[in-house]
Amino acid sequence: MSNVIDSNLKRYIYQFSPLKDIAPKYHEKLTPALKLTSYSPKALITKHSKHSKLLHFLVEGSIEIRCSFENRYTLNPEDRRSQKPLEEQLQNRSTVKAITECKILTADVAQLDQLQGWSHDYTIFHLDEGELSLQSDTLIDDNFHGDWDHTFISSPLASSLPNSNIHQLLSQLEDIAVQKGQTIIEDHSEGDYFYIIKQGHAVVKTASNGPFQGKAFDLYPGNYFGDEALIANTIRNASVVMKSEGVLGRLDRTLFNQLIKQHLVTPLAIQTQAPKEAFQIIDVRLPIEYKQGHEPESSNMPISSLRKKMTSLNQSMNYIISPANDSRSELATYLLKQAGFNAWYTQEQKSTA
């Protein structure tokens, strides 16, 4: 075990709960309560304790959590459970040991509790700004647009990505200044960039014949857009116009595919699917296409109605999206993954004969 010198511990705050619940104005106070430690394989990292003074977070490497001789499992940073303290995985007599070289972030519980309390008060004051007296204005963070990254990290998209991908995504964003009334995306144009609003207010104007039937949606700091056309490699089905001046962060198609699409939109070969009871096949083509031929025991749910029918799906089920090699299947997989479902799109295996 050895301490790791890292001059930018703040970058880990947005990767883990409850660290990311701390208001940005208190990050400077939180950083001294964080420490990064390196562990060698087989080293004991921590064990269950009712009075632990530290929270442990897995940053790099693989670990084994052993609850008993029979009950043990491996955890790595790509596992969603790693976004929370290891202490949440521990039961009576549980231990955590390094399998490979590991880096573990620790946070002082007492300091974290105090800053969580302050952040809670900050949130209340911010929401109730109109009711405060002038003497209370020092409690309000006027630079509220600085919370765009916290909002994005709490989004369904970011919640589905590994911590390492989120960190790379935020560091790779290209900032562009935009003006009030400026059109960022034109309906029926080709997809080129993925955008996150850092400052400002935008409105999405959907196409009348699209999935949202002409409705308009407001976007604020932390909201994102432009992703679906990149996922499906198709034209835009909405326009996005700035309602105020602001700043946007953007990723080009290559980085979007590398950091987002490749992780969320993954194939499953038809020939290697699990036992029938373990999955459900959804065919996202139009009904007329479905009737002309489909996978046995599949159900038809056109991509245009998937959003509305998603609430009827079972979160514990594995979903296989067909048909194979169809951009609509990739988009449906992306939408389901964002909503917290286990989903893959079908991909025909090449014959080895």
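For the reader, a short list of remarks on this structure follows.
- Among residues of region 22-45 that are among the basic types (Lys, Arg), those with a Cβ under 7 angstrom from a residue that is assigned to a strand (DSSP E or B), sequence gap 6+ or separate chain, pair up as 35/3; 35/106; 42/97; 42/98.
- Residue 248 being touching a Lys or Arg at 6+ places or on another chain (Cβ under 7 Å), at pLDDT 95 or above and on the phi < 0 side of the Ramachandran plot: yes
- Selection status of residue 84, closer than 21 Å to residue 35 by Cβ and either under 22 Å from the mean Cα position of the chain (by Cα) or not assigned by TED's automatic domain parsing to the domain that holds residue 10 (or both): yes
- Look at region 322-347: where a residue is free of Cβ contacts under 8 Å to residues at least 40 places away in the same chain and within 16 Å of residue 281 (Cβ to Cβ) and a partner is basic (Lys, Arg) and surrounded by 20 or more Cβ atoms within 10 Å (Cβ to Cβ), sitting 6+ places away or on another chain with Cβ atoms under 8 Å, you get 343/337.
- Region 1-14 - residue that is under 18 Å from residue 158 (Cβ atoms) and in contact with a Lys or Arg (Cβ under 9 Å, 6 or more places away or on another chain) and, of those, modelled with the lowest pLDDT: 14
- Considering region 89-193, the qualifying helices (runs of 4 or more DSSP H), each wholly inside and each with 3 or more residues that are modelled with pLDDT of 90 or more, run over 163-172.
- Criterion applied to 186, 228 was being farther than 19 Å from residue 168 by Cα, surrounded by fewer than 18 Cβ atoms within 10 Å (Cβ to Cβ) and touching a helix residue (DSSP H, G or I) at 6+ places or on another chain (Cβ under 9 Å), and the one residue passing it is 228.
- Residue selected from region 1-14 under the condition out of contact with any Asp or Glu (no Cβ under 9 Å at 6 or more places or on another chain) and in a helix (DSSP H, G or I), by the criterion surrounded by the fewest Cβ atoms within 10 Å (Cβ to Cβ): 11
- On inspection, residue 17 passes the criterion of being closer than 21 Å to residue 76 by Cα, at pLDDT 85 or above, of a type in the set (Gly, Ala, Ser) and in a loop (DSSP other than H, G, I, E, B).
- Considered as a group, the residues in region 48-73 that are loosely packed, with under 14 Cβ neighbours inside 10 Å and outside any loop (DSSP other than H, G, I, E, B) include one that is nearest to the chain's Cα centre (by Cα), and that residue is 73.
The values are calculated or read from the model by the stated rules, or taken from the named source; none is laboratory data. Predicted model only: the values in this text are computed from it and were never measured. Neighbour counts run over all protein chains shown; Cβ positions are idealised from the backbone, glycine included.
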